Amino acid sequence: MERTTLQESGALKAGQADRVGPTLVGTSTYMAALATTHLAVWLVLSSLWLAVGGSLNGIDIGLALLLAIFLCSWSERGSPAVVSNTIAGVAALLLVWVVAFVYAMALDDLSYDGQTYHSLAIIKLREGWNPFGGLLLPDDPPLTWLNHYPKAPWIWAAGIDAVFGNFQAGKAPNVVLAFAAGAAVFSAASVVTRLPIWACFVFGVLAAANPVASVQMPSFYVDGQLASLLTVMAAGGLMWLRSRSALALLITCSAAFCLVNAKFTGLVYAVLLGLAIAAIGVSMRPRRLLADALPVMACVMAIAWPGYTPYLNNMMNDDHIFHPVMGKRPIDILSHITPVAFDGQSRWFKFGRSLASETANACRNCESGRLKLPFIVRASEARGATFPDPRMGGFGPLFSGALLLAAILLAIAVASKAVSAVLPVSLVVLVGLVLINPEAWWARYVPQLWLVPLTVALFLQNAALPSLGRVVRVALLVVLMANAAFMAVIATGYAAYSTRASRAQVADLARAGPLYIPDTYWVGALQRLVDGGVVYAKRDFSAADCAEIVTVLRSNLRVCRPANAAKTTLQAQ
């Protein structure tokens with residue numbers, strides 16, 4: 001295969017090197033490649049250890065980084081900038097990991113799913129559970145989710161916990177992948193659309209600040225990782241098709257590999273996006289079929305290993321590949337959490353209603369998000385941004401306005417004959433990846449929808465448009481930035497406030513002396529107590545046994561201060 005480096009690609013010809021810093025582009029590309037390849041290799045090594053009866057350990061993390069550096073540097077072999085890009089890229093990634101650890105350890109996961117089955121999976125892995133060795137019994141919820149869901153995010157988190165001894169630090173990959181998404185789009189904006197450096201930076205920040213990722217960043221939810229990995233894969237695919245850079249192909253394949261093992265929908269999205277990249281690549285250069293098909297081959301490899309559990313294991317047990325959410329023994333995971341307003345409605349109604357509604361949690365027994373006009377922001381929407389998975393208006397209060405502006409901008413560009421073939425093809429792929437999901441109304445299930453208005457703005461940023469088009473183009477970027485800031489700032493601020501209150505309560509409980517705590521599904525809440533120095537005995541209790549019963553903040557876990565203990569007042573937050 002003819003190999004090209006990014007510095008040698010057409011993106012840096014015709015004076016491009018004078019307008020965009022090639023060193024910065026090379027560093028950001030290398031960092032995005034290294035971040036995703038590190039996680040992919042780490043997953044392979046950890047799975048190998050588990051398959052031979054071992055356990056998670058720190059060797060995986062360090063060895064995976066060394067192998068990832070080798071793969072990235074080998075992909076850029078022959079480039080005069082390979083040494084400088086390697087040094088700068090490694091330094092950048094290490095700095096990102098430091099920032100990620102600081103962020104993750106500063107904010108506790110106080111979400112429902114994060115404190116329950118996600119924490120349970122991480123703790124089980126840390127304590128020696130080997131998913132390659134058999135199923136956890138009984139194979140009923142919550143253990144069903146552990147047995148049959150993809151395990152990459154849990155393996156990364158458990159490995160970090162095992163090495164650093166800090167449970168909350170396991171959320172660090174959320175931050176790393178968001179940075180990787182931003183770096184990949186920053187590079188793609190330069191390589192593919194030849195934008196000036198400031199514009200590349202703006203689009204990189206907007207890509208990293210996908211609201212699905214930003215609201216889940218303080219938690220163990222995995223949809224944010226899905227959002228970032230899809231962005232990395234899409235940006236890598238664009239760079240590969242434009243520059244035929246081996247490093248861009250490595251980015252695309254590594255992201256696809258991780259997507260398959262992050263979530264069931266990750267497999268579907270990665271395969272379809274990989275097929276789209278292959279089809280477009282072959283149509284451009286028919287003799288490059290093998291290279292263009294590598295992202296799809298990466299998906300197949302990810303299913304075989306480390307996706308043996310759950311994918312192949314499910315099929316060998318005569319179940320659907322996506323058991324337990326599909327197949328002959330499906331478990332309904334949506335009916336009890338879908339807004340009542342959606343009962344009996346079509347997928348298209350639910351999708352449109354969610355986009356046209358205010359940002360709100362809108363749980364089964366909560367008030368559904370009210371309809372509103374685009375560009376209207378209601379005070380109640382700030383509460384919606386505090387949830388890791390708002391069901392209505394999940395992309396933020398201004399997202400419907402951004403979609404409207406993107407549609408107007410696209411119409412103006414079409415009328416002005418300023419649209420290249422790349423934009424409509426990109427939109428068909430992205431919109432197709434959204435609409436294929438029957439539950440596209442829930443933002444967490446289709447995080448790639450955030451990329452639709454972003455893609456319109458990106459490919460029309462340099463287009464020759466009439467004055468109205470230029471005004472709409474600026475307005476679209478402003479609205480996207482305001483929307484992203486709204487969701488990220490409120491989500492992080494609320495997480496910081498809640499963490500402070502939670503740690504104050506845990507400190508009170510630690511001073512209260514030995515407590516009674518029953519066996520609980522809220523293992524993440526229990527882990528917070530243990531990490532805070534709470535001493536306890538595991539046992540059931542009644543009101544007569546207790547001088548005081550306290551519910552742990554943001555959970556249903558109730559703890560008891562024994563009646564014979566020294567009198568201490570516990571603050572129930």
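Odds and ends about this structure:
- Scanning the range 503-554 for residues that are at negative phi, of a type in the set (D, E, K, R) and crowded, with 17+ Cβ neighbours inside 10 Å yields D508, R528, E548.
- Residue in the range 194-215 that is surrounded by 24 or more Cβ atoms within 10 Å (Cβ to Cβ), touching a residue at least 24 places away in the same chain (Cβ under 8 Å), of a type in the set (F, W, Y) and more than 22 Å from A172 (Cα to Cα) present: yes
- Only one entry of L56, L93, L50 meets the criterion of being touching a Leu at 6+ places or on another chain (Cβ under 8 Å), touching a residue at least 12 places away in the same chain (Cβ under 8 Å), surrounded by 14 or more Cβ atoms within 10 Å (Cβ to Cβ) and in a loop (DSSP other than H, G, I, E, B), and that entry is L56.
- Flag if F399 is closer than 21 Å to L477 by Cα, surrounded by 21 or more Cβ atoms within 10 Å (Cβ to Cβ) and in contact with a Pro (Cβ under 6 Å, 6 or more places away or on another chain): no
- Checked against the criterion of being touching a residue at least 60 places away in the same chain (Cβ under 8 Å) and not in a helix (DSSP H, G or I), the range 265-282 contains not a single residue that satisfies it.
- Options A411, A379, A418, A341: the member that is at pLDDT 95 or above and part of a helix (DSSP H, G or I): A411
- S245 being in contact with a strand residue (DSSP E or B) (Cβ under 6 Å, 6 or more places away or on another chain), surrounded by 24 or more Cβ atoms within 10 Å (Cβ to Cβ) and assigned by TED's automatic domain parsing to the domain that holds S111: yes
- A443 vs. criteria over 27 Å from R194 (Cα atoms) and under 21 Å from the mean Cα position of the chain (by Cα): yes
- Unique residue being in contact (Cβ under 8 Å) with a residue 60 or more places away in the chain, among the aromatic types (F, W, Y), in contact with a helix residue (DSSP H, G or I) (Cβ under 7 Å, 6 or more places away or on another chain) and not in a helix (DSSP H, G or I) when the list is F220, F257: F220
- When the residues of the range 436-462 are filtered to those that are of a type in the set (A, V, I, L, M) and either in contact (Cβ under 8 Å) with a residue 60 or more places away in the chain or in contact with a Lys or Arg (Cβ under 8 Å, 6 or more places away or on another chain) (or both), the one that is nearest to V212 (Cα to Cα) is A443.
- Taken as a whole, the structure places D343 among residues that are farther than 30 Å from F132 by Cβ, of a type in the set (D, E) and surrounded by fewer than 19 Cβ atoms within 10 Å (Cβ to Cβ).
Let's see how each residue does on (1) out of contact with any strand residue (DSSP E or B) (no Cβ under 9 Å at 6 or more places or on another chain); (2) farther than 16 Å from V260 by Cβ; (3) surrounded by 15 or more Cβ atoms within 10 Å (Cβ to Cβ):
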position	(1), (2), (3)
A293	yes, no, yes
V296	yes, no, yes
P330	yes, yes, no
A362	no, yes, yes
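The values are calculated or read from the model by the stated rules, or taken from the named source; none is laboratory data. Computed from a predicted structure; not experimentally measured. As a convention, Cβ positions derive from the backbone with ideal geometry for all residues, glycine included, and neighbour counts pool all protein chains shown.
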